[in-house]
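Colleague: Mind looking over this structure? Questions follow.
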Amino acid sequence: MSELVVVAAIAGAFGVAGEVKVKSFTDEPEACFGYGPLLGTDGEVVLTPQSARPVKSGFAVIAPEVGTREQAEALKTTLLHVRREDLPEPEEDEFYFEDLVGCEVKSPSGQRIGKVTAVHEFGAGDMLEIKPLEGNAFFHPFTKEAVPKVDIAAKRVIVEIVEAEVAKEG
């Protein structure tokens, strides 16, 4: 099976006629509908969007696979994927978040820190989830300052970890 990339998720039902509400994860939100049928984690078709219209925080989508509100509700939280080969190649110095997962994490001085296990979008900015060589996983901001170098070909990212300063009362 070819590699799958998450482009959206079903947020629940919309209306009473079997529309699903889809939250897009693509840079241009409507782009998630331009890569063909949307697939589940098993590679099987979940939605073949016939129409998608913008609604608050997503799109109301009509697809032949969903005919009732109950069917739409049952799909809530389903991640929607496309095949990697159906996506355009990223420009130079660009990449898909999926490309970061599995990358080795190093400090600017070359010290091994761990591996990227996920990339999260919490609303206030993107975060890398890093599993260190020892201890519990932690989140690290994914900004140019905090991650000054990404080398997809070498499967490596350089992170600048800054310790938080705690204000002392006194």
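What follows draws every value from the coordinates through simple rules; no lab data is involved. Just so it is clear, the structure is predicted and the values come from calculations on it, not from any experiment. Note that each Cβ is placed from the backbone with ideal geometry, even for glycine, and that neighbours are counted across all protein chains shown.
Colleague: Given +1 on the Cβ of Lys and Arg, -1 on the Cβ of Asp and Glu, and no further charges, what dipole in debye does the chain carry about its Cα centre, rounded to the nearest 20?
Modeller: My answer is approximately 440 debye.
Colleague: Something else: Could you point to the label whose value was computed as Rg/Rh (Cα atoms, Kirkwood Rh) for the structure here, given (i) 0.96; (ii) 1.16; (iii) 1.06?
Modeller: Only one listed value fits the structure, namely (iii).
Colleague: Whole-Hz ³J(HN,Hα) for each residue in the stretch 126-139, computed from phi via Karplus 6.51 cos²θ - 1.76 cosθ + 1.60 with θ = phi - 60°, x for glycine and proline: what do you get?
Modeller: Karplus-based 3J(HN,Hα) across the stretch 126-139 equals 6, 10, 8, 9, 10, 9, x, 4, 9, x, 7, 4, 9, 9 Hz.
Colleague: Sticking with the crude label model, points 7 Å out along Cα→Cβ, report the distance from HIS120 to ASP42 in nm, one decimal please.
Modeller: 2.9 nm
Colleague: Report the GluC sites (Glu not before Pro) located in the stretch 94-125 that are in a DSSP loop and have at most 15 other Cβ atoms inside 10 Å of their Cβ, or state none.
Modeller: Hits after loop and neighbour filter: GLU94.
Colleague: Let me ask something additional. I'd like to know which of THR117, GLY67, LEU47 lies farthest towards the positive end of the charge dipole of the stretch 45-129, counting +1 on Cβ of Lys and Arg and -1 on Cβ of Asp and Glu.
Modeller: Of THR117, GLY67, LEU47, it is GLY67.
Colleague: In addition: Between GLU104 and LYS144, what is the FRET efficiency for a Förster distance of 25 Å, r being their Cβ-Cβ separation, to the nearest 0.05?
Modeller: 0.80
Colleague: Starting from the Cα of GLU73, step 7 Å along the direction of its Cβ; do the same at ASP151; then give the gap between the two resulting points in nm.
Modeller: 5.3 nm
Colleague: Still on this structure, I have one more. For the stretch 97-158, what is the percent of antiparallel DSSP beta bridges, rounded to the nearest 5?
Modeller: Around 85 percent of the beta bridges assigned by DSSP in the stretch 97-158 are antiparallel ones.
Colleague: Please find the FRET efficiency linking LYS23 to ARG112, where r is the Cβ-Cβ separation and R0 is fixed at 41 Å, and quote it to the nearest 0.05.
Modeller: 0.70
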